[in-house]
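Novice: Dropping the structure in here first, questions after.
The values are calculated or read from the model by the stated rules, or taken from the named source; none is laboratory data. Keep in mind that this is a model prediction, so the values were computed, not measured. For neighbour counting, all protein chains shown are included, and Cβ atoms are generated from backbone atoms with ideal geometry for every residue, glycine included.
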Amino acid sequence: MRARTLALLLLVGVAGCSEGDLLTAPTSAAKVDGSWNLVSLSAGTLTLTEAKTANRFGLTLSGDRALFKADCNTCAGDFRLDDDVITLSLQACTKAVCANAPLDTLVVAALDGKHTVRLDATRLQFSSSRGEIKFER
């Protein structure tokens, strides 16, 4: 009886946790540093889902520098982390015409600017009034 009750409590506890519950605010820029692959984006009328291994849209953060691979283009700029707010400023992008144009520029526009940031060891999530962007390592 005790084992059944314990199993039921564990099942209820796990079912009550959502993906968002596991993500926390970063405590330093070092936690967001690294390479991240875009897995989903929802901003206005734009909805995009990518396989983590697609490598079509990738964000690299290091120190205060940001590099974003946007389909066949690359953008460079900087970022600032203040508590749970990240501000990305992608200042220079190559201008090749990608096969899926203008998807690359729409994704860059959604990423550029201020977002509330949440993360865990393998996931990074940006939220703003413009939408939500999710990355994985």
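Novice: Taking strands (runs of 3 or more DSSP E) that fall entirely within segment 54-137, which contain at least 1 residues that are over 17 Å from Val39 (Cα atoms) and touching a residue at least 24 places away in the same chain (Cβ under 8 Å)?
Specialist: Strands (runs of 3 or more DSSP E) meeting the threshold: 57-62, 65-70, 73-82, 85-93, 113-119.
Novice: Just to check your reading of the model, which residue among Asp82, Asp104, Asp120, Asp112 is out of contact with any Lys or Arg (no Cβ under 6 Å at 6 or more places or on another chain), within 18 Å of Gly63 (Cβ to Cβ) and of a type in the set (Asp, Glu)?
Specialist: Asp82 is the lone residue from the list that is out of contact with any Lys or Arg (no Cβ under 6 Å at 6 or more places or on another chain), within 18 Å of Gly63 (Cβ to Cβ) and of a type in the set (Asp, Glu).
Novice: Looking only at segment 86-97, count how many residues are of a type in the set (A, V, I, L, M, F, W, C) and modelled with pLDDT under 95.
Specialist: 0
A quick yes/no check of all residues on (1) surrounded by 15 or more Cβ atoms within 10 Å (Cβ to Cβ); (2) within 23 Å of Leu106 (Cβ to Cβ); (3) touching a strand residue (DSSP E or B) at 6+ places or on another chain (Cβ under 7 Å):
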| residue | (1), (2), (3) |
| --- | --- |
| Thr24 | no, no, yes |
| Lys31 | yes, no, yes |
| Asn37 | yes, yes, yes |
| Leu41 | yes, yes, yes |
| Thr49 | no, yes, yes |
| Arg56 | yes, yes, no |
| Ala66 | yes, yes, yes |
| Phe79 | yes, yes, yes |
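Novice: Can you name the residue in segment 10-22 that is over 30 Å from Asn100 (Cβ atoms) and surrounded by 10 or more Cβ atoms within 10 Å (Cβ to Cβ) and, of all such residues, is modelled with the highest pLDDT?
Specialist: So, considering only residues that are over 30 Å from Asn100 (Cβ atoms) and surrounded by 10 or more Cβ atoms within 10 Å (Cβ to Cβ), the one modelled with the highest pLDDT is Leu22.
Novice: Taking the stated definitions as given, is Thr122 exposed (fewer than 15 other Cβ atoms within 10 Å of the Cβ), in contact with an Asp or Glu (Cβ under 8 Å, 6 or more places away or on another chain) and among the β-branched types (Val, Ile, Thr)?
Specialist: For Thr122, the condition - exposed (fewer than 15 other Cβ atoms within 10 Å of the Cβ), in contact with an Asp or Glu (Cβ under 8 Å, 6 or more places away or on another chain) and among the β-branched types (Val, Ile, Thr) - is met.
Novice: Here is a further query. Does Leu111 fit the bill of being under 26 Å from Ala25 (Cβ atoms) and among the aliphatic types (A, V, I, L, M)?
Specialist: The answer is yes for Leu111.
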